[in-house]
Every structure is written in structure tokens, then in C-alpha cells.
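Engineer: I'd like to ask some things about the structure below.
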Amino acid sequence: MEAQDPDGLNMIVAGPWAHGTWHSPGSDVGYVKFGKESGTDFMRDIEAPFFAHWLHGKGTKPAFEARMFQSGSWEWKSYAKWPAPGATMTNLYLQADGTLSFTAPADTGQCREYVSDPANPVPFRERPISRTYPSQEWRWWEAADQRFVDHRPDVLSYTSAPLDADLTVTGEVAAKLMASTSGTDSDFVVKLIDVLPDDYEPVRPGTLGEYPRTLNGYQFPIAMEVRRGRYLQSFEKATPLTPNQVVAWEVPLRSHDHVFKKGHRIMVQIQSSWFPMLDRNPQKFVPNIYKAAPEDFVKATQRVCGGSLVALPVIR
């Protein structure tokens, strides 16, 4: 929009809300409570002055281009430009031993692998999945604890050591996987996760049996996205993949403003299905997935190799 905005009126406000919840106090993201009424702040400090200026000619024009309720720190931030200037793109590498490190691996030929089975896809929410209404749990699925898939054999998890200082990530996040599949079509899903410490909060009396019992060890997703292999070469024309050939998969993870706090760990999860949020890939190339026959749905061995990384815009 900025390219078509000669008067410089382009602006954005982003908060920790599900659809419509900015007009409520807004003091949580699903199970994650941060104790500040972000929705009230928005209505009082941002929305009301905006309409007062533009509809009634009162007050000053908003001076920011972006106003973000920064997750992790749970503080409002104002930016004169977006993406915010001053970030240093920093590569976080997926290591063959399942760790994450800012140091590139010495041997990029090492890989980890898993078998993706369309008959047993990775769910996008914990099973049994509750009804959309009246539970309302679905509206917070993008903030749900990812431990429900962490130990599946068809999900690769990479985890950093506890951070020795806060790490602020502000701007465009992107992943690059050096990966292959034994099939002729495939998907790769990348999740960037903030793992809360095991002593994040004291155990509350009387919580045994509730979900989650505490937020200790909670795997809080920050960014999640999929890249479809059939469109790896072109978004206009679907083409098959070459089996077992390691190629670069660029996975944009969009803009974020998040602080990984000291003592937290960073996690990256990789999987090849995300059902039913994403339709199942047969993993055998067909011209149209929606017309795939039952025999087109086959298991595939997925490999994620050295050189895979997540690029973080780090503010120091």
C-alpha cells in the first residue's frame, strides 16, 4: 500500500487479538495471560484519537506508521517506518543433532528424516478437536501449545539452549530449508516457537487435570507457514519434484514483533501435513490435488539437511 500512498497516510496497528476481540479488554492470547488490557488500550489510545482527528478535526494526525503490541515483552511499540529500521538479519541454523545455533554447521551433508503418511496427517489442533461453536477454542489455535505434536515421528523439532539475554525479533521472518522428498510432490510446514521455561509460573492449587496445568514448558508459536512443493518453481504452473533431490525451499514467515526472553528457548518444528487446515498432499504428483485418486496418496520420506535456517531480523 505504501507504494500507492503519496500523502504518507499508510499505517497499521497490530495487537494480540482474535477476530473481533480488540473490542474487549484483551488481556490474553488463548491460554497465555499477559495481564494488560491491550484491547482497552487500543480503543482509548489509538482508535478514539484516530477517529477524533479524521472525523472531527480534533487532535493531531497519528505520528506513527506502525503501532505494535509486541509479544513476549507485552508492551506497545511505535515505529516511524515498517518494517522497522535497524534490524540485522541473523541466521539461526537447524543442526543435525536437533539443536538450533547461530553458528553454521561444519558439515552441510548431514540430514534428519521422517516419513510423511497422508493417511495419518499431522493435525492443526490437539485431538479430539472440539467443535468450532460454542467452544471458541478454534479462534486461538495459532497460539496453542505445540507439544501435542512435538514427539510425533513425522515432526522434526530443533531446540536452542536457554537464551542468556533477551532476543528481539522485529520485521520479516523467513525460513530456508535444504530438503528433499522421496515423492514427486510434497509440502513443508515451518513453525517458529517460543518455548517458555519449565519454571515459568508456579503450579496453581487445584489445577490437576486441567489443560494446560501450567504454562511451564509451553511451546508458544510465533510464526507458522507452509510451502507447497508443486509451486516451488512457479506459482502459475504446478510441476513435479525430483525424488530425493535436495533443493532450497524458501518459506516466508511474514512480519513479526516478538521478544524471546532470557531463559526461554527457541524451537523450530518441521512437518509435511497440517490437517485439516491444509488439504492433504498425495505426495505423488497429480495435475489437480482435488481430483487425486486414493492410490495417489502415498507415504514419502522427507529429509531436512544442513544449511537449513530461519532468518531473524534481530534488533540489538
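The values are calculated or read from the model by the stated rules, or taken from the named source; none is laboratory data. If you're wondering where the values come from, they're calculated on a predicted model, not measured in any experiment. So basically every Cβ, Gly included, is an ideal-geometry build from the backbone, and we count neighbours across all protein chains shown.
Yes/no per residue for (1) loosely packed, with under 13 Cβ neighbours inside 10 Å; (2) among the hydroxyl-bearing types (Ser, Thr, Tyr):
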{"position": "Asp5", "(1), (2)": "yes, no"}
{"position": "Ser27", "(1), (2)": "no, yes"}
{"position": "Gly35", "(1), (2)": "yes, no"}
{"position": "Gly39", "(1), (2)": "no, no"}
{"position": "Lys58", "(1), (2)": "yes, no"}
{"position": "Ala66", "(1), (2)": "no, no"}
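Engineer: Give all pairs with beta carbons closer than 9 Å in which a residue from the range 24-49 that is more than 15 Å from Gln70 (Cβ to Cβ) meets a residue that is buried (at least 17 other Cβ atoms within 10 Å of the Cβ) and among the polar types (S, T, N, Q); count only pairs at least 6 apart in sequence or on separate chains.
Structural biologist: Pro25/Ser38; Ser27/Ser38; Gly39/Thr21
Engineer: Go through (1) more than 22 Å from His258 (Cβ to Cβ); (2) of a type in the set (A, V, I, L, M); (3) under 27 Å from the mean Cα position of the chain (by Cα) and name the single condition Leu55 misses.
Structural biologist: Among (1) more than 22 Å from His258 (Cβ to Cβ); (2) of a type in the set (A, V, I, L, M); (3) under 27 Å from the mean Cα position of the chain (by Cα), the lone unmet condition for Leu55 is (3).
Engineer: Sticking with this one: Out of the residues in the range 84-111 meeting the condition of being surrounded by 13 or more Cβ atoms within 10 Å (Cβ to Cβ), modelled with pLDDT of 95 or more and of a type in the set (A, V, I, L, M), tell me which one is farthest from Met267 (Cα to Cα).
Structural biologist: Ranking the qualifying residues of the range 84-111, first place goes to Ala87.
Engineer: Another question about this same structure. Within the range 266-277, is even one residue modelled with pLDDT under 95 and either among the hydrophobic types (A, V, I, L, M, F, W, C) or over 17 Å from Met178 (Cβ atoms) (or both)? Write out each step before concluding.
Structural biologist: Initial filter on the range 266-277 (modelled with pLDDT under 95): 276-277.
Add one more test, that the residue is either among the hydrophobic types (A, V, I, L, M, F, W, C) or over 17 Å from Met178 (Cβ atoms) (or both), and what stays is 276-277.
Among the residues of the range 266-277, at least one is modelled with pLDDT under 95 and either among the hydrophobic types (A, V, I, L, M, F, W, C) or over 17 Å from Met178 (Cβ atoms) (or both), which makes the answer yes.
Engineer: Still on this structure: For the range 122-146, give me the residue count where each residue is assigned to a helix (DSSP H, G or I) and out of contact with any strand residue (DSSP E or B) (no Cβ under 9 Å at 6 or more places or on another chain).
Structural biologist: So the answer is 4.
Engineer: Residues to consider are Pro134, Pro153; find the one that is exposed (fewer than 13 other Cβ atoms within 10 Å of the Cβ), modelled with pLDDT under 95 and assigned by TED's automatic domain parsing to the domain that holds Ile222.
Structural biologist: Pro134 is the lone residue from the list that is exposed (fewer than 13 other Cβ atoms within 10 Å of the Cβ), modelled with pLDDT under 95 and assigned by TED's automatic domain parsing to the domain that holds Ile222.
Engineer: Quick check on the range 99-118. Is at least one of its residues in a loop (DSSP other than H, G, I, E, B) and within 30 Å of Ile289 (Cα to Cα)? Please lay out each step first, then the result.
Structural biologist: Keep residues of the range 99-118 that are in a loop (DSSP other than H, G, I, E, B), which gives 102-110, 117-118.
When the remaining residues are screened for being within 30 Å of Ile289 (Cα to Cα), the result is 117-118.
Yes, some residue in the range 99-118 is in a loop (DSSP other than H, G, I, E, B) and within 30 Å of Ile289 (Cα to Cα).
Engineer: Taking the range 220-274 as the region of interest, how many residues are hydrophobic (A, V, I, L, M, F, W, C), free of Cβ contacts under 8 Å to residues at least 60 places away in the same chain and either touching a Phe, Trp or Tyr at 6+ places or on another chain (Cβ under 9 Å) or buried (at least 21 other Cβ atoms within 10 Å of the Cβ) (or both)?
Structural biologist: 4
Engineer: Under 6 Å between Cβ atoms, at least 6 apart or on separate chains: pull out the pairs that start in the range 111-139 with a residue that is at positive phi and end on any residue that is among the aromatic types (Phe, Trp, Tyr) and surrounded by 14 or more Cβ atoms within 10 Å (Cβ to Cβ).
Structural biologist: Between residues of the range 111-139 that are at positive phi and residues that are among the aromatic types (Phe, Trp, Tyr) and surrounded by 14 or more Cβ atoms within 10 Å (Cβ to Cβ), there is no close pair.
Engineer: Just a yes or no: is a residue in the range 230-240 part of a helix (DSSP H, G or I) and either in the same structural domain as Ala161 (by TED's automatic domain parsing) or touching a Ser or Thr at 6+ places or on another chain (Cβ under 9 Å) (or both)?
Structural biologist: Looking through the range 230-240, at least one residue is part of a helix (DSSP H, G or I) and either in the same structural domain as Ala161 (by TED's automatic domain parsing) or touching a Ser or Thr at 6+ places or on another chain (Cβ under 9 Å) (or both).
Engineer: Across the range 196-240, which residue is nearest to Ser130 (Cα to Cα) among those that are at pLDDT below 80 and among the basic types (Lys, Arg)?
Structural biologist: That would be Arg213.
Engineer: So, in the range 114-131, of the ones that are surrounded by fewer than 18 Cβ atoms within 10 Å (Cβ to Cβ) and small (Gly, Ala, Ser), which residue ends up nearest to Ile222 (Cα to Cα)?
Structural biologist: Per the stated criteria, the residue is Ser130.
Engineer: Tally time: how many residues in the range 1-45 are among the hydrophobic types (A, V, I, L, M, F, W, C), in a helix (DSSP H, G or I) and within 22 Å of Pro83 (Cβ to Cβ)?
Structural biologist: Of the residues in that region, 2 qualify.
Engineer: Further, regarding this structure: Which members of the range 35-53 meet the condition of being among the charged types (D, E, K, R) and either touching a strand residue (DSSP E or B) at 6+ places or on another chain (Cβ under 7 Å) or over 13 Å from Trp17 (Cα atoms) (or both)? Steps first, answer last, please.
Structural biologist: First, the residues of the range 35-53 that are among the charged types (D, E, K, R): 36-37, 41, 44-45, 47.
Once the filter is applied, which keeps residues that are among the charged types (D, E, K, R) and either touching a strand residue (DSSP E or B) at 6+ places or on another chain (Cβ under 7 Å) or over 13 Å from Trp17 (Cα atoms) (or both), the range 35-53 yields Asp41, Arg44, Asp45, Glu47.
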